[in-house]
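Peer 1: One structure, pasted below without further comment.
The values are calculated or read from the model by the stated rules, or taken from the named source; none is laboratory data. This structure is a prediction, so every number in the text was calculated from the model and none was measured. Cβ placement follows ideal geometry from the backbone for every residue including glycine, while neighbour counts extend to all protein chains displayed. These accessible areas exclude ligands, DNA and RNA; they are computed on the full protein's heavy atoms, side chains included. Shrake-Rupley method; radii C 1.70, N 1.55, O 1.52, S 1.80 Å.
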Amino acid sequence: YYENYYLELIHKYGEKSKCDAFIWGKELREKYHTLFKLLQEIDFSAPGGDGSHTVLEVGRRIFEKVAKDLSSTNGLSNMGSSVPLLVVSSSCGYHKASYFLAVIFETGLGVSVDRKKGLLYSLVGAQGNERLAVMNLGYKHYQGINNYPLDLELSYAYYSNIAIKTSLDQHTIKGEQAFVETIRLMDDELLKAQTKENGDVFMWLKHEATRGNAAAQQRLAQMLFWGQQGVAKNPEAAIEWYAKGAIETEDPVLIYDYAIVLFKGQGVKKNTKLALELMKKAAAKGLPQAVNGLGWYYHNFKRDYRKAAEHWLIAEELGNPDASYNLGVLYLDGIYPGVPGRNQTVAARYFYKAAQGGHIEGTLRCSLYYITGNMEDFPRDPEKAVIWAKHIAEKNGYLGHVIRKALNAYLELSWHEALLHYVLAAETGIEVSQSNLAHICEERPDLARKYLATDCVWRYYNFSVSQVNAPSFAYLKMGDFYYYGYQNQSKDLELSMRMYAQAALEGDSQGFFNLALVIEEGNSIPSYILDYLEIDQALHSSNVSLLQELYYRCWNNSNQESISPCSLALLYFHIRVFWNSILQSTLIYFVGTFLLSILVAFAVQYFQSLS
């Protein structure tokens, strides 16, 4: 209703260069109460050309109200009335609403599953450059799930789009961005480290920083600048700590960080002269990134490529990936001192080295080489191209903001908000959000059953183990589901062993323990899984030998300084083997004695008969 009426309203105003007043009757006001109230709050007289900004503003306000309502206590129970409003918001060009709708229909969040509508709104959101919608499409085409065709080239196109934006977004300190942190809900230590501006961790760091502790000043500034560890982003406050630390403590990292914000004018007025002095000071203390920073200065401000190259070569020897990338750019642009013309091959090698060090632009360039296959050292490999582009896209700050909202809601026991935002993040393909969401659905099965039409636990642990960075506990979960059966899912012994084996390869002792139990229960492990685990079948042809190897690896991968299930299992195994050997020896002794006694008796009887 809202969509049709509002589009008619837009059409009516769009027909005239000068709009007449539109009278809202009582019936219309009651029927479109929320929309009417929102329109009352907007200043339509504000200058804006064709009025498109006003339409977008209407969409934004509608979305923010809906998002607030859905995040409240029992907010998901309002999904039925929220969907029409989200449709209006999407129609107004506010595409965060489009992504919400895509996820709502794909997962059945408070509504019936409708995959066609889910795809439709994903495409609408992606066309509107909504980052999460683009990532959702990239992920679904990468995995070929939910009726999305497996298409690595298309997946790469979506992921590389966001990867490029991620590189640009990092230079923008404003907006709803947060540092993407990998925090698992089962990690109690990391959860305890989350804080607020009035939290104990933050207050202790602030106390230490005020006393001149350089490490505390560094951490405090980073938390405030990037919005880490639960602290709200506050670049201005961060810069104050960078400045204080640079002046008071002479710490090279703080001096360098302050120099960078002065060079770029991020949250502070540009001051190139002071920035250069600080950069030289930090470089003199041997800080690799500061040496690279001097090269950047000579390249960008002085166009002195010889000095730039000299500094970058030194920084690269010190292990700085930025320097490797910068040297690659010199070769690519054909301005490396003493080397005539462009050399793309050498440039690509430097980009690869930078990518190995986690450099965003270096990784992006390498992903492009892999998708095209037109470089000597980079044979065409679409899957690797997707993985590399995906890795960068997942660092996007706007995605980090959603993940942070989900975590904060979980810590505050705001279950509806936590479920909503973890679903939004999980559908973009973020593994940690997928396993965290599955964990929430295990913690609150009542919530999952009531508001999600899909089987949350099964869906998101399945998604998790399909990722290249899946945690071992997710493999163990899926292994148990396949071994014992999970609700309507049938048992699959071989798949369960594959999951346990993958967990074992990740260094999880429980994986080896579970494989041993599979053998103990009378099953055999397929040869290809043993090969996968690098277990020599010639040396371990019997079950006894194989059990010993599995229990030993279980013990070897566990904490050897304390008693663990693996150490107890290994001890019990050796006791059983020893006891069986004793029993076997005793049995042979008694049988042998018995037979010998019979033989002696027969011999005596024989000789007696002869006599």
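Peer 1: Let me check something: with ligands and nucleic acids excluded, how do L154, L364 order by accessible area (1.4 Å probe), largest to smallest?
Peer 2: Reading off the accessible areas and sorting them downward yields L154, L364.
Peer 1: Let me ask something additional. When you count, for each residue, the other Cβ atoms within 10 Å and take the mean per peptide, how do 123-129, 160-166 rank with the highest first?
Peer 2: My ranking of the peptides, most packed first, is 160-166, 123-129.
Peer 1: Next question. Report, to two decimal places, the Cα Rg of the chain normalised by 2.2 N^0.38 Å (N = number of residues).
Peer 2: For the chain, the normalised Cα radius of gyration comes out at 1.28.
Peer 1: What is the distance, in nm, between label points placed 7 Å from the Cα along the Cα-to-Cβ direction at R576 and at I247?
Peer 2: About 7.1 nm, to one decimal.
Peer 1: Something else now. Exactly which GluC sites (Glu not before Pro) in the range 343-385 are in a DSSP loop and have at most 16 other Cβ atoms within 10 Å?
Peer 2: Passing both the DSSP loop test and the Cβ count: E376.
Peer 1: Dipole size in debye (nearest 20) for the range 121-243 around its Cα centre, Lys and Arg Cβ +1, Asp and Glu Cβ -1?
Peer 2: 120
Peer 1: Still on this structure, I have one more. Arrange the residues E27, E248 by how much accessible surface each exposes, largest first, with a 1.4 angstrom probe.
Peer 2: Largest to smallest exposure gives the sequence E27, E248.
Peer 1: Let me ask something else about it. Quick one: which of 197-209, 103-115, 456-468 comes out on top by average Cβ neighbours within 10 Å, and what's the full order, highest first?
Peer 2: My ranking of the peptides, most packed first, is 456-468, 103-115, 197-209.
Peer 1: Per 0.36 nm of contour for each residue apart, how much would the distance between L168 and L123 grow if the chain were fully extended, relative to their Cα-Cα spacing?
Peer 2: Stretched out fully, the L168 to L123 stretch lengthens by 13.9 nm.
Peer 1: Positive end of the charge dipole of the chain (Lys, Arg +1 and Asp, Glu -1 on Cβ, about the Cα centre): tell me which of N136, Y370, N234 has its Cα farthest that way.
Peer 2: Highest projection toward the positive end goes to N234.
Peer 1: While we're on this one: In the range 206-325, if every C-alpha pair distance is counted and binned at 5 Å from zero, what percent goes to each bin?
Peer 2: P(r) over the range 206-325, rounded to whole percents: 2, 13, 20, 22, 19, 14, 7, 3, 1, 0.
Peer 1: Can you give the Rg and Dmax of the range 471-584 based on its C-alpha atoms, in angstrom?
Peer 2: Looking at the range 471-584, its Cα Rg and Dmax stand at 14.3, 47 Å.
Peer 1: What is the extension gain from K196 to E208, computed as 0.36 nm multiplied by their sequence separation minus the C-alpha to C-alpha distance, in nm to one decimal?
Peer 2: Separation in residues times 0.36 nm, less the Cα-Cα distance, equals 2.7 nm.
Peer 1: Counting Lys and Arg as +1 and Asp and Glu as -1, what is the net charge of the other residues whose Cβ lies under 12 Å from the Cβ of D455?
Peer 2: Here the charged neighbours net out to +1.
Peer 1: With r as the distance between the Cβ atoms of L411 and L568 and R0 = 45 Å, compute the FRET efficiency 1/(1 + (r/R0)^6) and round to 0.05.
Peer 2: It comes out at approximately 0.80.
Peer 1: Same structure, new question: Could you order peptides 480-490, 311-321, 515-525 by the average number of other Cβ atoms within 10 Å of their residues, highest first?
Peer 2: 311-321, 515-525, 480-490
Peer 1: Sort the range 303-380 into rounded, prolate or oblate with this rule: let a ≥ b ≥ c be the square roots of the eigenvalues of the Cα gyration tensor; rounded if a/c is under 1.5, and if a/c is not under 1.5, prolate when a/b is larger than b/c, oblate otherwise.
Peer 2: Since a/c reaches 1.5 but b/c is at least a/b, the shape of the range 303-380 is classed as oblate.
Peer 1: Can you tell me the 0 to 90 degree angle between the C-alpha axis of helix 131-143 and the longest principal axis of the chain, rounded to 10?
Peer 2: 30
Peer 1: In debye, nearest 20: dipole of the chain around its Cα centre with unit charges on the Cβ of K, R (+) and D, E (-)?
Peer 2: 1600
Peer 1: Which value at 222 nm does the chain reach when only helices count, each DSSP H run of 4 or more adding -39,500 (n - 2.57), with the total divided by all residues and rounded to the nearest 500 deg cm²/dmol?
Peer 2: -22000 deg cm²/dmol
Peer 1: A further question follows. Using only Cα atoms and rounding to the nearest 10 degrees, what angle (0 to 90) does helix 344-356 make with the longest principal axis of the chain?
Peer 2: It is inclined by approximately 70 degrees.
Peer 1: Follow-up question, since we're still on this one. Using the alpha-carbon atoms, what tilt in degrees (0 to 90, nearest 10) does helix 382-393 show relative to the longest principal axis of the chain?
Peer 2: 60
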